[in-house]
1. Residues of region 35-58 being part of a helix (DSSP H, G or I) and open to solvent by 60 Å² or more (accessible area, probe 1.4 Å), which ones?
2. Does I98 count as assigned to a loop (DSSP other than H, G, I, E, B) and at pLDDT below 90?
3. Please work out which one of (1) free of Cβ contacts under 8 Å to residues at least 24 places away in the same chain; (2) open to solvent by 20 Å² or more (accessible area, probe 1.4 Å); (3) touching a Leu at 6+ places or on another chain (Cβ under 9 Å) is the condition P32 fails and give its number.
4. Residues that are at pLDDT below 85 and among the small types (G, A, S): does region 104-125 have at least one?
5. Of the residues L134, L161, L169, which single one is out of contact with any Ser or Thr (no Cβ under 7 Å at 6 or more places or on another chain) and open to solvent by 40 Å² or more (accessible area, probe 1.4 Å)?
6. Kindly evaluate V183 against the criterion of being more than 30 Å from A78 (Cβ to Cβ) and outside any helix (DSSP H, G or I).
7. Can you tell me which residues in region 59-72 are open to solvent by 80 Å² or more (accessible area, probe 1.4 Å) and in a helix (DSSP H, G or I)?
8. Looking at region 180-196, which of its residues are open to solvent by 60 Å² or more (accessible area, probe 1.4 Å), modelled with pLDDT of 80 or more and touching a helix residue (DSSP H, G or I) at 6+ places or on another chain (Cβ under 9 Å)?
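The values are calculated or read from the model by the stated rules, or taken from the named source; none is laboratory data. Please read these numbers as outputs of a predicted model, since none were measured by experiment. FYI the Cβ positions are ideal-geometry reconstructions off the backbone, even for glycines, and counts take in every protein chain you see. These accessible areas exclude ligands, DNA and RNA; they are computed on the full protein's heavy atoms, side chains included. Shrake-Rupley method; radii C 1.70, N 1.55, O 1.52, S 1.80 Å.
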Amino acid sequence: MEKEIIDYNLWQKLLSGDRLALNIIYERNLSPLYQYGMRMLQDEDAVRDCLHNLFVKIWVNHKTLKPTDNIKYYLISAFRNTIINYKTQESKFQKVDIRDNEVFDLKFTVEAEYIKKEEQNKKILQLSEAMNKLTPRQKEIIYLRYFEEIDYDEIAEIMDLSKKGAYKLSARALEALREILNVDKAMLLAVLLAVKA
């Protein structure tokens, strides 16, 4: 509840033209947006261009934006649309839809500060290999749900699904991962949470 109030107040300041609020929103959300964009585009320059376009558009249109109490959700949804528009322009104005034929890259960074035990390293590598066997949509929903912790209503809007469709896609993705890794559901969720930590 407290986060919603903070997000709401910060967004209200942005809507009233507070440039410092825009800077705070940018700083707090840059890393997750950049990571999400890299998974969709795999091109640093393109992701930076899309991020720049998103925040310029937010600032230019700040007086007409609607209130929100969940800035992260708002930004991921708007950023996804920015990326789709970018891909549409890049493909000479063909309609681009992020579906199973598109790429959504979900590789895990294996850094020494996060890996304290060989066992965890092995689990991360196994999960990464298993994720590569999923469809791009399945990878995207796992990323949004378990790494960005976005709820199913918001995921449904971001991915242009019904809420029921988001639940089904998530369940199928988890089941596919569970089968690939040959673990029970509880162990799979534990691995996903360990990788996110």
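1. Q35, E44, D45, R48, D49, H52, N53, V56, K57
2. When the stated conditions are applied, I98 passes them.
3. (1)
4. There is at least one residue in region 104-125 that is at pLDDT below 85 and among the small types (G, A, S).
5. L161
6. Answer is yes for this residue.
7. V60
8. Selection gives I180 alone.
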